[in-house]
Amino acid sequence: MKFIQRFRSIILLASTICIALIASAIIHSFTGDDDLKYPTNFGPEIAGAIDDLIDWLVVNGEWFFDGINDNLKIVLNELREFLVWIPWPVMISLIFIMGWRLGSMKIGIASALGMVLIGLVNLWEPAMVTIAIMAVSVSIAVILGIPIGILMARSNLFEIILRPILDAMQTMPSFVYLVPGIMLFGLGNVAAILATVLYSIPPCIRLTNLGIRQVNPSVVEAGESFGSTTYQLLSKVQLPMAIPTIMAGINQTIMMALAMSTIAAMVGAGGLGIEVLRSMGQLQEGQAFIAGSAIVIMAIIVDRITQSIVMSRPE
């Protein structure tokens, strides 16, 4: 029976394609190519409206964006100087302790060895700059993403509205995210942070929503029957049970932020991304591979440590 159903489906698909080809040939025989073009083009109007909106934001929201720009620069510069100031043996020891206590001895040793390798190829300072940019970007993405995910889980209407927006954000070419950053903040690390946040925030929102919605309804009903308020139900029942899924979203957010580091370097972000970009521009494939490998090593370290947080969490 399954074979017959599949055969019928194939025949139906082939018939549909043949009918479409015959109809196209008939239409082309009676009309010219110019007659088949769309009669209107709304592209210029849409592009012009977007340009006008950005221009209006730049002119009327200058005080707002300048305030964000100045404060983010202060936070980023202080964090970067602090990370560069920490001696490398101390930083490696801290990473080893984090990997060991949150995961296992193997993860701690592997994380420490990974950072040692980054230092041995003279990329320690760019790595610290990358960590500073990622820390600020991921913090903003998590602070915004988790509440939005909670709102999606609480409201079906909000989820219906936000889901296509998230789909568009995840399928949008990563270079496009550089445009609003440049227009609103100019070249520099702040524009790179904005692009990184926009690129990496969808997984955090989606998995927070998914984690809360997957909480066992009977557990939620039990909490309601004991007189729990909405806040108590969220903070005492739903969020604790959704922590593994939420942590998976944070993990993916960090991975996507690191993947964005090279593209963000095009608008002036420092760190390992600019090392890859500079090496590629000078056709130094070996140095570009080394800098790219350093990003991969950092991604693996972060991935193992964040996964260990979930795995070591008591049920």
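The values are calculated or read from the model by the stated rules, or taken from the named source; none is laboratory data. It should be emphasised that the depicted structure is a prediction, and the values quoted were computed from it without experimental measurement. FYI the Cβ positions are ideal-geometry reconstructions off the backbone, even for glycines, and counts take in every protein chain you see.
Filter the range 98-146 for residues that are in contact with a Gly (Cβ under 6 Å, 6 or more places away or on another chain) and not hydrophobic (A, V, I, L, M, F, W, C) and give the result.
Once the filter is applied, which keeps residues that are in contact with a Gly (Cβ under 6 Å, 6 or more places away or on another chain) and not hydrophobic (A, V, I, L, M, F, W, C), the range 98-146 yields 99, 108, 111, 126, 130.
Please identify the pairs in which a residue from the range 58-85 that is over 16 Å from residue 128 (Cα atoms) and at pLDDT 75 or above has its Cβ atom under 6 Å from the Cβ atom of a residue that is among the aromatic types (Phe, Trp, Tyr) and in a helix (DSSP H, G or I), counting only partners at least 6 apart or on another chain.
69/185
Could you count how many residues in the range 92-112 are exposed (fewer than 15 other Cβ atoms within 10 Å of the Cβ) and of a type in the set (A, V, I, L, M)?
4
Among the residues of the range 202-236, what is the count of those that are charged (D, E, K, R) and at positive phi?
Adding up the residues that qualify gives 0.
Can you tell me which residue is farthest from residue 180 (Cα to Cα) among those in the range 1-54 that are outside any helix (DSSP H, G or I) and modelled with pLDDT under 65?
Among those residues, the one meeting the criterion is 1.
Between a residue in the range 226-241 that is surrounded by 13 or more Cβ atoms within 10 Å (Cβ to Cβ) and part of a helix (DSSP H, G or I) and any residue that is at pLDDT below 80 and not polar (S, T, N, Q), which pairs come within a Cβ distance under 6 Å, given they are 6 or more apart or on different chains?
233/223; 237/223
For the range 138-155, state whether one or more residues are among the hydroxyl-bearing types (Ser, Thr, Tyr), crowded, with 20+ Cβ neighbours inside 10 Å and within 21 Å of residue 273 (Cα to Cα).
no
Scan (1) without any contact (Cβ under 8 Å) to a residue 12 or more places away in the chain; (2) buried (at least 19 other Cβ atoms within 10 Å of the Cβ); (3) of a type in the set (Lys, Arg) for the single condition residue 163 breaks and write down its number.
Unmet for residue 163, out of (1) without any contact (Cβ under 8 Å) to a residue 12 or more places away in the chain; (2) buried (at least 19 other Cβ atoms within 10 Å of the Cβ); (3) of a type in the set (Lys, Arg): (2).
Among the residues of the range 207-226, are any in contact with a Ser or Thr (Cβ under 8 Å, 6 or more places away or on another chain) and among the hydroxyl-bearing types (Ser, Thr, Tyr)?
Yes, the conditions are met somewhere in the range 207-226.
Among the residues of the range 123-160, write down those that are part of a helix (DSSP H, G or I), farther than 30 Å from residue 236 by Cβ and among the aliphatic types (A, V, I, L, M).
127, 128, 129, 131, 132, 133, 134, 136
Where in the range 256-315 are there helices (runs of 4 or more DSSP H), lying wholly inside it, with at least 3 residues that are of a type in the set (Ser, Thr, Tyr)?
Because the criterion is at least 3 residues that are of a type in the set (Ser, Thr, Tyr), the helices (runs of 4 or more DSSP H) in the range 256-315 that meet it are 285-311.
Among the residues of the range 151-180, which ones are among the hydrophobic types (A, V, I, L, M, F, W, C) and under 30 Å from residue 220 (Cβ atoms)?
Those that are among the hydrophobic types (A, V, I, L, M, F, W, C) and under 30 Å from residue 220 (Cβ atoms): 151, 152, 153, 157, 158, 160, 161, 162, 165, 166, 169.
Give the residue, chosen from 134, 152, that is under 15 Å from residue 294 (Cα atoms) and within 24 Å of the chain's Cα centre (by Cα).
Sole residue among the options that is under 15 Å from residue 294 (Cα atoms) and within 24 Å of the chain's Cα centre (by Cα): 134.
State all residues of the range 56-80 that are in a helix (DSSP H, G or I) and small (Gly, Ala, Ser); if no residue qualifies, say none.
67
Of the residues in the range 95-122, how many are under 24 Å from residue 273 (Cα atoms) and either assigned to a helix (DSSP H, G or I) or of a type in the set (Val, Ile, Thr) (or both)?
Number satisfying all stated conditions: 13.
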